[in-house]
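The values are calculated or read from the model by the stated rules, or taken from the named source; none is laboratory data. These figures come from a predicted structure and were not determined experimentally. Every residue, glycine among them, receives a Cβ derived from its backbone with ideal geometry; neighbour counts consider all protein chains shown.
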Amino acid sequence: MAMRQTPLTCSGHTRPVVDLAFSGITPYGYFLISACKDGKPMLRQGDTGDWIGTFLGHKGAVWGATLNTDATKAATAAADFTAKVWDAVSGDEVLTLAHKHIVKTVTFTQDSNCLLTAGNDKLLRIYDLSNPEAAPLEIAGHTSAIKKALWCNNDKQILSAADDKTIRLWDRSSMEEVKTLTFDTSVSSMEYVADGEILVITYGKTIAFYNALSLDLIKTVEAPAPINSASLHPEKDFFVAGGEDFKLYKFDYSTKEELESYKGHFGPVHCVRFSPDGELYASGSEDGTLRLWQTAVGKTYGLWKCVLPEDLGAENSEQMYTLAPEIKA
Amino acid sequence: MSGKVCSSNSVIQAQKLVDQLQLEASMERIKQISLTAADLVRYCQDHRRSDPLLTGIAASSNPFKDKKTCVLL
């Protein structure tokens, strides 16, 4: 039976949403930040999608956004040639880091002390946030614009994906390239799962899983349409992917079987990420919205409440469960 | 004389401003849209009887009812 689910639609952005990131689980729940071409990244409550605040300051499209683990700091990468660090509690801009070209990606180390940035200047930069005045460490090597850079192996190594169709693994202390993966086509996205050291890469219609330490291929899965982003569930039983056909796909990680697909977005899906507890996944689209989808459709979680057929009266009796985001009083 | 009128006008204006601000300050504001949305839904359901969009209105008082053709006697 084909599943249907009503996602939580988060509106507010006025241009395409190009990146999103979840924080870790904090005593206040978990949070979500979205990067948008309208230059105004937004912070939202992760399980309800409630808007908390907008970070104002960038003068160009924001290409990358991230939160630190306890959601106290945010960092954004923008087309105004700067990366900014923000206080996620007050919304104040804490630091502006000037670059020589469009900055595409930002990420904190686990202790939030260092920030890795990269972009169209083809350089990876490491900033020490306790000494921001100091010049960042720079790692050169990529021959075209870097799309995504991530810390891996307990922040001892860096993974970067660029338009030169390579993914490179770098050692942080030696600043040297350790390994390179070359593809026939540009990689559209990259996600790193620390627990298990898995790298999720998308290119064309393929979602590929690699060992993040050795860069050995684990498996590849083909999707029905070109995929822009994919995310692996924290328990590694599912992964989700979205792309150019506007749909979200959910696959079984072990069997590679396509389990569910959902329509909802009105434009290509640019980014999809699982929440830290794996109960939902968020997608950002060209249509300017974020949508939150349940992993286990039918479960009561967050704003979703399971409504059984007898409670609905004249509803279609063929549906076993109807899920509407039934808001708790 | 006109000076006195002007100043009483500005006092009236200032008083109106203060009243407006007090009204705004006393409003209950909910930060999360999910709670506000629930509140709106509950309000609409509680007031469904008096909601013409939900319960409809008598055809006689409906200004938008379909016009019948006229018959010339």
Pairs, first over 16 Å from A:Gly243 (Cβ atoms) in segment A:176-189, second aliphatic (A, V, I, L, M) and crowded, with 17+ Cβ neighbours inside 10 Å, C-beta under 8 Å, six or more apart: A:Glu177/A:Leu169; A:Val178/A:Leu169; A:Lys179/A:Leu169; A:Thr180/A:Ile167; A:Thr180/A:Leu169; A:Leu181/A:Ile167; A:Phe183/A:Ile167
Residue under question is B:Cys70, and the condition is that it be out of contact with any Ser or Thr (no Cβ under 7 Å at 6 or more places or on another chain), within 14 Å of another protein chain (Cβ to nearest Cβ) and free of Cβ contacts under 8 Å to residues at least 60 places away in the same chain; does it hold? no
Odd one out for B:Phe64, checked against (1) among the aromatic types (Phe, Trp, Tyr); (2) assigned to a helix (DSSP H, G or I); (3) at pLDDT below 90: (2)
How many residues does segment A:227-277 contain that are surrounded by fewer than 21 Cβ atoms within 10 Å (Cβ to Cβ) and farther than 17 Å from A:Glu191 by Cα? 18
Restricting attention to segment A:255-303, report how many residues are without any contact (Cβ under 8 Å) to a residue 60 or more places away in the chain, more than 13 Å from the chain's Cα centre (by Cα) and assigned to a strand (DSSP E or B). 3
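Against the definition (more than 13 Å from chain B (Cβ to nearest Cβ) and on the phi < 0 side of the Ramachandran plot), how does A:Thr9 come out, yes or no? So that I can check it myself, show each step before the final result.
Numbers: more than 13 Å from chain B (Cβ to nearest Cβ): no; on the phi < 0 side of the Ramachandran plot: yes.
No; evaluated as a whole, the condition is false for this residue.
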